[in-house]
Amino acid sequence: MLGSAYDAIEREKPDLIVHLGDHLEDADDLGAAFPEAELLRVPGNCDWGSTARPSLLVEEEGHRLFLTHGHLFGVKQGLGRLYLEARHLGAEAAFFGHTHIPHCEKRDGVSLVNPGACSSLGGRASYAVAELAPGQMNCRLCRFD
């Protein structure tokens, strides 16, 4: 099964959808298709001319989350700059894209999460789920099999 963002949303039924850039029109379409979920989005390096904020710092269920595409933090060369920015902002997690490679690690209390890509370009389609409750956050990567 190839999978898509629509399939992931149907499967998980989230309260919040996060689109981490590249083709923001896809995010707008997701928001229209699933109006019951809140939608947050940041532009990627392919979103030329976007007026959307390049990064967001949000509070959800008592957790501070940093959302960015990742290209502005050089994530293809490593996650050090992203980690330092998240720490500077007091974020518990940094969610990023750009590499299209699923990734989930915790560095000194900061989760660094890349959901991969819901399309199967260059590999298997994947997405991430963050389960948030006061005092608890669990992230998991999911693949379409």
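The values are calculated or read from the model by the stated rules, or taken from the named source; none is laboratory data. Predicted, not measured: the structure shown is a model, and the values here were computed from it. Quick reminder, even Gly has a Cβ in these numbers, built from the backbone with ideal geometry, and neighbours come from all protein chains shown.
Listed conditions (1) within 22 Å of A5 (Cβ to Cβ); (2) in contact with a helix residue (DSSP H, G or I) (Cβ under 7 Å, 6 or more places away or on another chain) are all met by V110, apart from (1). Would you confirm whether or not the range 107-123 contains a residue that is free of Cβ contacts under 8 Å to residues at least 24 places away in the same chain and β-branched (V, I, T)? No, the range 107-123 contains no residue that is free of Cβ contacts under 8 Å to residues at least 24 places away in the same chain and β-branched (V, I, T).
Condition first: among the hydrophobic types (A, V, I, L, M, F, W, C) and assigned to a helix (DSSP H, G or I). Now tell me which residues in the range 8-48 satisfy that.
The answer is A8, I9, L24, A27, L30, A32, A33.
Within this structure, S4 passes the test of being among the hydroxyl-bearing types (S, T, Y) and closer than 13 Å to Y127 by Cβ. Within the range 18-28, the set of residues being modelled with pLDDT of 95 or more and either in contact with a helix residue (DSSP H, G or I) (Cβ under 6 Å, 6 or more places away or on another chain) or more than 20 Å from V113 (Cα to Cα) (or both) comprises H19 only. Contact map, the range 67-82: residues that are farther than 17 Å from L56 by Cα paired with residues that are among the aliphatic types (A, V, I, L, M) and surrounded by 13 or more Cβ atoms within 10 Å (Cβ to Cβ), Cβ distance under 6 Å, separation 6+ or inter-chain. Pairs shown: L79/L112.
Hey, which of the strands (runs of 3 or more DSSP E) in the range 49-145, taking only ones fully inside, have at least 3 residues that are crowded, with 18+ Cβ neighbours inside 10 Å? Spell out the reasoning first.
Numbers: elements: 55-60, 63-68, 93-95, 103-107, 110-114, 126-133, 136-143.
Fully inside the range 49-145 and qualifying: 63-68, 93-95, 110-114, 126-133.
If the condition is being farther than 13 Å from L72 by Cβ and touching a His at 6+ places or on another chain (Cβ under 6 Å), then the range 17-47 contributes A27, R41.
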